[in-house]
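K.L.:
Sharing a structure here in structure tokens format.
The values are calculated or read from the model by the stated rules, or taken from the named source; none is laboratory data. No experiment lies behind these values; they were computed from the predicted model shown. Here the Cβ positions follow ideal geometry from the backbone for every residue, glycine too, while neighbour counts run over all protein chains shown. Surface accessibility is based on the protein's heavy atoms, side chains included, excluding ligands, DNA and RNA. Shrake-Rupley method; radii C 1.70, N 1.55, O 1.52, S 1.80 Å.
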Amino acid sequence: MSAVETQVKEAKPLLSKKDRKLLVDPLSDNNPITIQVLGICSALAVTTQLKPTMVMAISVMAVVVLSNFIISLMRNTIPSRIRIIVQLTVISVLVILVDQILKAFVYDVSKQLSVFVGLIITNCIVMGRLEAFAMGNKPGASILDGFGNSAGYAWIIIAVAFCRELFGSGKLLGFQIIPDAVYEMGYVNNGLMLIPAGALFVIAIIIWIQRSLNTKLEEA
Amino acid sequence: MLFLASDLISIFVRSIFIDNMIFAYFLGMCSYLAVSKDVKTAIGLGAAVIFVLGVTVPINWLLLNGVLKEGALAGLHPSFAEVDLSFLAFIMFIATIASMVQLVEMVIEKVSPALYGSLGIFLPLIAVNCSILGGSLFMQERDYTLAEASVFGLGSGVGWLIAIVAIAAIRMKIRYSDVPKPLRGLGITFIITGLMGIAFMSFLGINL
């Protein structure tokens, strides 16, 4: 009996190879930010501190996964001429929900993110994944695709925020990391990390590292 | 009156240089990176952005203050006086932008086929440009008056045009430079944008 069970399990693992590719690919080789160049807008402006960045990453994840799922359910009934407006409507309803939830439970972070919660609507990742994937695939696969891509987005912005908060103000999540003794020895926080341009340099370095490790991603 | 005019000029200059959509808020980065390979197309897209921002920000201001804000509907029926619909702002703004873009495209096609030839292909791209929605959201957050909102919309558009034309010109030159291979394309564009952002920060000291 148990032998049969294991056999069945082997034949049908939790995630097939294709599904795993959907999840893992966007984390590196097909990353939405560094390779597909989507969703840069909101990615950078919120990254001065780690906490709002994590809230932003979770919000984007919720919107991408849910909108992928909903559009994928409706994909056969949406007339292709008006699909953009249908997609925008679904996305903005989800973003309104996210915005209201943030205002209710983490008001201070919601104030910090200000317009950037609303800008999830025009975040190219959401539209891009709907157009490129959810319109032509089943709901299950679309959910995985949404998770994969938003996780790829999340790790990049969290990495950027980590560098900026650590080097810019010597803190992580608001707690001081770099001890006072180091400051007394003459260490100074890097002010470049706090201005908007700092985010661009950090992300350029991430791209540089990624493309030197994987030379087939280089542009001519 | 003079005070008002100087106020408006101050908002205009601020929105072009200091609160530049790209260098201060990274809005509209997607099309900024994708369409900045050639100066001519960059100018076309920039002009379309100025146009759409200049039109949608005042319209969204009217909608926000005439329909969505608390008490705005009191004129219809006294019992609506406490209705606050401002949580619907996102969906209202994006619907306005999408339909305005469509409308503008149709009007330009009818009125000026020459302008349509140069701007037309960019208009659909603009509906999902973050800087357009961003303009309306900033207008809501900062509580501008109608005049301020119009000036702010135009100024932000001009700032965006300057940014994309500058980066396009630099990218055309950089083709002849020896950039490290892994940095070519996206990486070096980010670094240049950062340097330009630092240059634009020098406008911070200007007090109007």
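K.L.:
Checking A:C163 against (1) at the interface with another protein chain (Cβ under 9 Å from one of its Cβ atoms); (2) without any contact (Cβ under 8 Å) to a residue 60 or more places away in the chain, only one condition comes out false. Which one?
P.N.:
(1)
K.L.:
Within the bounds of the range A:162-172, is there any residue that is buried (at least 23 other Cβ atoms within 10 Å of the Cβ) and out of contact with any Phe, Trp or Tyr (no Cβ under 8 Å at 6 or more places or on another chain)? Give the steps one after another, and end with the answer.
P.N.:
Step one: filter the range A:162-172 for residues buried (at least 23 other Cβ atoms within 10 Å of the Cβ), giving A:164-165.
Right, trim to out of contact with any Phe, Trp or Tyr (no Cβ under 8 Å at 6 or more places or on another chain) and you get A:164-165.
For the range A:162-172, residues buried (at least 23 other Cβ atoms within 10 Å of the Cβ) and out of contact with any Phe, Trp or Tyr (no Cβ under 8 Å at 6 or more places or on another chain): present.
K.L.:
Right, here's the next one. Restricting to the range A:38-71, what's the tally of residues that are more than 11 Å from the chain's Cα centre (by Cα) and either free of Cβ contacts under 8 Å to residues at least 12 places away in the same chain or open to solvent by 50 Å² or more (accessible area, probe 1.4 Å) (or both)?
P.N.:
Of the residues in the range A:38-71, 5 are more than 11 Å from the chain's Cα centre (by Cα) and either free of Cβ contacts under 8 Å to residues at least 12 places away in the same chain or open to solvent by 50 Å² or more (accessible area, probe 1.4 Å) (or both).
K.L.:
Sticking with this one: Could you pull out the residue among B:L154, B:L146 that is hydrophobic (A, V, I, L, M, F, W, C) and over 28 Å from B:K40 (Cβ atoms)?
P.N.:
It is B:L146.
K.L.:
Just give me the residues in the range B:158-208 being assigned to a helix (DSSP H, G or I) and among the polar types (S, T, N, Q), in sequence order.
P.N.:
The first filter runs over the range B:158-208 and keeps only residues assigned to a helix (DSSP H, G or I), leaving B:158-174, B:181-183, B:186-205.
Selection gives B:T189, B:T193, B:S202.
Here is a yes/no grid of residues against (1) out of contact with any Gly (no Cβ under 7 Å at 6 or more places or on another chain); (2) more than 9 Å from chain A (Cβ to nearest Cβ):
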{"site": "B:E70", "(1), (2)": "yes, yes"}
{"site": "B:E82", "(1), (2)": "yes, yes"}
{"site": "B:I91", "(1), (2)": "yes, no"}
{"site": "B:V101", "(1), (2)": "yes, yes"}
{"site": "B:M106", "(1), (2)": "yes, yes"}
{"site": "B:I126", "(1), (2)": "yes, yes"}
{"site": "B:C130", "(1), (2)": "no, no"}
{"site": "B:Y144", "(1), (2)": "yes, yes"}
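Listed here are the residues, each with its yes/no results for (1) under 22 Å from A:D29 (Cα atoms); (2) open to solvent by 70 Å² or more (accessible area, probe 1.4 Å); (3) touching a Leu at 6+ places or on another chain (Cβ under 7 Å).
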position	(1), (2), (3)
A:V106	no, no, no
A:I121	no, no, yes
A:I125	yes, no, yes
A:I143	yes, no, no
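K.L.:
If you don't mind, another one. Among the helices (runs of 4 or more DSSP H) contained in the range A:114-213, which hold 3 or more residues that are within 20 Å of the chain's Cα centre (by Cα) and of a type in the set (V, I, T)?
P.N.:
Correct list: A:139-169, A:196-213.
K.L.:
Check whether at least one residue in the range B:66-77 is closer than 19 Å to B:L146 by Cβ and surrounded by 20 or more Cβ atoms within 10 Å (Cβ to Cβ), and report yes or no.
P.N.:
Restricting attention to the range B:66-77, the residues satisfying the condition of being closer than 19 Å to B:L146 by Cβ are B:66-73, B:75.
Subsequent filtering for residues that are surrounded by 20 or more Cβ atoms within 10 Å (Cβ to Cβ) retains B:68.
Yes, some residue in the range B:66-77 is closer than 19 Å to B:L146 by Cβ and surrounded by 20 or more Cβ atoms within 10 Å (Cβ to Cβ).
K.L.:
Something else now. As an exercise: evaluate A:R211 against (1) closer than 30 Å to A:R75 by Cα; (2) open to solvent by less than 50 Å² (accessible area, probe 1.4 Å); (3) of a type in the set (K, R) and give the number of the one condition it does not meet.
P.N.:
With respect to (1) closer than 30 Å to A:R75 by Cα; (2) open to solvent by less than 50 Å² (accessible area, probe 1.4 Å); (3) of a type in the set (K, R), A:R211 is out only on (1).
K.L.:
Right, another one. Which residues, taken from the range B:169-203, are within 22 Å of the chain's Cα centre (by Cα), surrounded by fewer than 19 Cβ atoms within 10 Å (Cβ to Cβ) and facing chain A (nearest Cβ under 10 Å)?
P.N.:
Residues satisfying the conditions are B:I192, B:L195, B:I198, B:A199, B:M201.
K.L.:
Sort out for me the helices (runs of 4 or more DSSP H) sitting completely within the range A:1-104 that have 1 or more residues that are modelled with pLDDT of 80 or more.
P.N.:
Numbers: elements: A:2-11, A:17-24, A:40-45, A:50-74.
Those helices (runs of 4 or more DSSP H) span A:50-74.
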